[in-house]
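K.L.:
Pasting a structure here, questions to come.
The values are calculated or read from the model by the stated rules, or taken from the named source; none is laboratory data. Just so we're clear, the structure is a prediction, and the values are computed from it rather than from any experiment. Cβ atoms come from the backbone with ideal geometry, glycine included; neighbour counts cover every protein chain shown.
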Amino acid sequence: MFRKAITAILAPSAVLAISAFAQSSWGQQTGLTNPGFEEPRVKKASFELVETMPGWKTTDTRFEIWSSGFLDVAAHDGTQFVELNAYIDGTLFQDSTGIQRGSVLEFTFAHRGRNGDDAMKLTITDLGADNALGGGNDAVLFTKQYTTGKDAWAVYNSTTEQKIKALGNTVRFAYGAVSAAGGNLGQGNLLDAADFGVGVVSEAPPENAMKLDIVDGGAFTFGYRTTAMPGFNEFPNTDSPHPGIMRRNIKDGDYFSFAQNTRDTELKAQETSLVHYPAKSEGSGVLSPGINPGDIAIARFTAMDDGEYHFKISAQLIEEDPTGAGVTIYVDGQVATETQLKEHLVPWTTSSIVKLKKGQTVDIAVDSGLDKNWEKDHVLITAKAWTNKHDK
């Protein structure tokens, strides 16, 4: 729960001695919004040209989103990807703020040709003191062209490049189409799993790690806390349409909602929900506090064994709300770090390596923030946890 008395996020060097086993140091990172192009959703095995896409901007007039299986092309990650050449040889880009001077920037993305060998260019630009493109004070931090055939995805990242150092200003991260096989400007350069920021590669799970994503890993459970029901109350896995019980909503993507203070679950459960699970994005869930003061939605990770667990948690508002929601991470019941989300679609990301004893917990909690506007405080949570400890 976000507390007015706490005014700062814990610094990366802060160490919390939560208990003899639960110890953690949480540091804030930067990353891209919607890196896998999973929003907005398009129909399965189809494509769609859309005017807007969370986080991204384009020099074209539309974004072209493909669903896995369209033209027999499977997504590299998740269920969707994009084509840079929607109508023209366009550029997709995002601006990232708040990156401290001297930070090492990392990137990773998957590229594939559509009809043959396609070429695209990645450019990372510091926008200067005015934080705007142009004006004579921009600095290109990195640029490189990549060419990939149509038969398979190729993954490129910054691990083989010289260190890319931030200058402390807004950074523009841009993918631009260069050429497409066949010469059709509307066909070429498929892109997926595009991420950029501090630690997006070096702190990613190794291939042999036991990955425990918020949906697929099964290690997360969802619950809530109210003034009348403190602690952690797990949502029952049921289709029963009773007040205070989760239900299955097939129409809106087969997720569960917590219907509070109403029996009209078919019409009002979404508006009075604490949690939607899972969201339409792979590996994500939407947490929204309830309508009453003190209502908090919680995603809980429970350690399966004694060991060291790696966490990367991202939270972003998915409703227009100028003041936003409060997000708090608890380790074994103690506050580890927290923030107040204030801007639409601007993600807050934090990571840590946490030593846990079997049965100890890490909670991601969402409350209605300082404005108490629960109706707009829907927060998309993307939580990845992994451990190098495998089952015997």
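K.L.:
Counting only residues that are within 16 Å of A194 (Cβ to Cβ) and polar (S, T, N, Q), which one in the stretch 146-169 is farthest from the chain's Cα centre (by Cα)?
P.N.:
Per the criteria, the residue is T148.
K.L.:
Let me ask something else about it. Name the residue that is nearest to the chain's Cα centre (by Cα), counting only residues in the stretch 187-217 that are part of a loop (DSSP other than H, G, I, E, B) and under 14 Å from M120 (Cα atoms). Even if it seems obvious, please write down each step before you answer.
P.N.:
We begin by selecting, within the stretch 187-217, every residue part of a loop (DSSP other than H, G, I, E, B); these are 187-189, 198-209, 212-217.
Then drop every residue that is not under 14 Å from M120 (Cα atoms), which leaves 187-189.
On the way: Q187: 28, G188: 26, N189: 23 Å.
Among those residues, the one meeting the criterion is N189.
For every residue, the table says whether it meets (1) farther than 20 Å from I214 by Cα; (2) hydrophobic (A, V, I, L, M, F, W, C); (3) modelled with pLDDT of 80 or more.
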| position | (1), (2), (3) |
| --- | --- |
| E320 | yes, no, no |
| L341 | yes, yes, yes |
| H344 | yes, no, no |
| V354 | no, yes, yes |
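K.L.:
Is it the case, given these coordinates, that A86 is among the hydrophobic types (A, V, I, L, M, F, W, C) and farther than 14 Å from K150 by Cβ? Walk me through it before giving the result.
P.N.:
Numbers: among the hydrophobic types (A, V, I, L, M, F, W, C): yes; farther than 14 Å from K150 by Cβ: yes.
Yes, satisfied.
K.L.:
Continuing with this model, one more query. Just to check your reading of the model, which residue among V104, V140 is more than 16 Å from L190 (Cβ to Cβ), surrounded by fewer than 17 Cβ atoms within 10 Å (Cβ to Cβ) and under 26 Å from the mean Cα position of the chain (by Cα)?
P.N.:
On the way: V140 fails: under 26 Å from the mean Cα position of the chain (by Cα).
Within the list V104, V140, the selection yields V104.
K.L.:
Name the strands (runs of 3 or more DSSP E) wholly inside the stretch 3-76 in which the number of residues that are modelled with pLDDT under 95 is 2 or more. Can you show your working first?
P.N.:
Working: elements: 27-29, 47-50, 63-67.
Counting at least 2 such residues, we get 27-29.
K.L.:
In the set G149, G136, which member is over 20 Å from P35 (Cα atoms), of a type in the set (G, A, S) and modelled with pLDDT of 95 or more?
P.N.:
Values: G136 fails: modelled with pLDDT of 95 or more.
Checking each option against the conditions leaves just G149.
Results for (1) touching a Ser or Thr at 6+ places or on another chain (Cβ under 9 Å); (2) outside any strand (DSSP E or B); (3) in contact (Cβ under 8 Å) with a residue 60 or more places away in the chain, shown as yes or no for each residue.
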| residue | (1), (2), (3) |
| --- | --- |
| F81 | yes, no, yes |
| N85 | no, yes, yes |
| F93 | yes, no, yes |
| R101 | no, yes, yes |
| T108 | yes, no, yes |
| G128 | yes, yes, no |
| G135 | no, yes, no |
| T147 | yes, no, no |
| Q162 | no, yes, no |
